[in-house]
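The values are calculated or read from the model by the stated rules, or taken from the named source; none is laboratory data. Source: prediction; values computed, not measured. Note: ideal-geometry Cβ built from the backbone for every residue, glycine included; neighbour counts use all protein chains shown. For accessibility, only protein heavy atoms count, side chains too; no ligands or nucleic acids. Shrake-Rupley method; radii C 1.70, N 1.55, O 1.52, S 1.80 Å.
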Amino acid sequence: MKIKILASASQDLIDGYWFYEKQTEGLGTYFLDTLFSDIDSLTIYGGIHPIYFKKYNRALSKRFPFAIYYRLENDTVLVYAVLDCRRSPAWIRKRMR
């Protein structure tokens with residue numbers, strides 16, 4: 001299975017990187033390494049996660065409070081968003097519409 005990270009999810013990763021990098025130097029890099037590892041695991045586990053907002057699977061990161069919203073299309077995992085779970089549920093719902 002292939003993985004495609006869409007532009008919206010790429011921007012989410014960049015935003016997360018800068019948030020953590022401002023906390024402690026090097027933490028942003030650790031954040032990206034961890035999230036890319038979580039995304040890579042979707043090649044094996046893609047499709048087993050619960051569905052949210054009627055069409056997206058949601059995988060939770062193992063180390064950070066982030067959720068990966070994705071869909072399976074043919075043999076490709078399309079990553080639509082990587083969102084901070086500490087955000088307001090209303091904000092997340094609006095973002096995923």
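Kindly indicate whether residue 86 is open to solvent by less than 60 Å² (accessible area, probe 1.4 Å) and either closer than 18 Å to residue 97 by Cα or touching a Pro at 6+ places or on another chain (Cβ under 8 Å) (or both). Show your work before the answer.
Details: open to solvent by less than 60 Å² (accessible area, probe 1.4 Å): no; either closer than 18 Å to residue 97 by Cα or touching a Pro at 6+ places or on another chain (Cβ under 8 Å) (or both): yes.
When the stated conditions are applied, residue 86 does not pass them.
With the requirement that a residue be open to solvent by less than 80 Å² (accessible area, probe 1.4 Å) and aromatic (Phe, Trp, Tyr), what does region 39-68 give you?
Just the residues of region 39-68 that are open to solvent by less than 80 Å² (accessible area, probe 1.4 Å), to begin with: 39, 41-43, 46-47, 49-50, 52-53, 56-59, 61, 64-68.
Correct list: 52, 53, 56, 64, 66.
Which condition number does residue 1 fail, the rest of (1) at pLDDT below 95; (2) buried (at least 16 other Cβ atoms within 10 Å of the Cβ); (3) aliphatic (A, V, I, L, M) being met?
Among (1) at pLDDT below 95; (2) buried (at least 16 other Cβ atoms within 10 Å of the Cβ); (3) aliphatic (A, V, I, L, M), residue 1 violates only (2).
So residue 58 passes all but one of these: (1) in a loop (DSSP other than H, G, I, E, B); (2) without any contact (Cβ under 8 Å) to a residue 24 or more places away in the chain. Which condition number does it fail?
So the condition that residue 58 fails would be (1).
This table checks each residue for (1) open to solvent by 70 Å² or more (accessible area, probe 1.4 Å); (2) not in a loop (DSSP other than H, G, I, E, B).
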position: 10; (1), (2): no, yes
position: 25; (1), (2): yes, no
position: 36; (1), (2): yes, yes
position: 70; (1), (2): no, yes
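Within region 18-36, is there a residue that is at pLDDT 95 or above, acidic (Asp, Glu) and closer than 15 Å to residue 81 by Cβ? Explain how you work it out, then say what you get.
Within region 18-36, the first condition is being at pLDDT 95 or above, and the residues that meet it are 18-36.
Filter once more, so that each one left must be acidic (Asp, Glu): 21, 25, 33.
Remaining after also requiring closer than 15 Å to residue 81 by Cβ: none.
No, region 18-36 has no match at all.
Would a scan of region 14-23 turn up a residue that is closer than 19 Å to residue 96 by Cβ and touching a strand residue (DSSP E or B) at 6+ places or on another chain (Cβ under 6 Å)? Full working, then the answer.
First, pick out the residues of region 14-23 that are closer than 19 Å to residue 96 by Cβ: 14-16.
Now narrow it down to the ones that are touching a strand residue (DSSP E or B) at 6+ places or on another chain (Cβ under 6 Å): none.
No, region 14-23 contains no residue that is closer than 19 Å to residue 96 by Cβ and touching a strand residue (DSSP E or B) at 6+ places or on another chain (Cβ under 6 Å).
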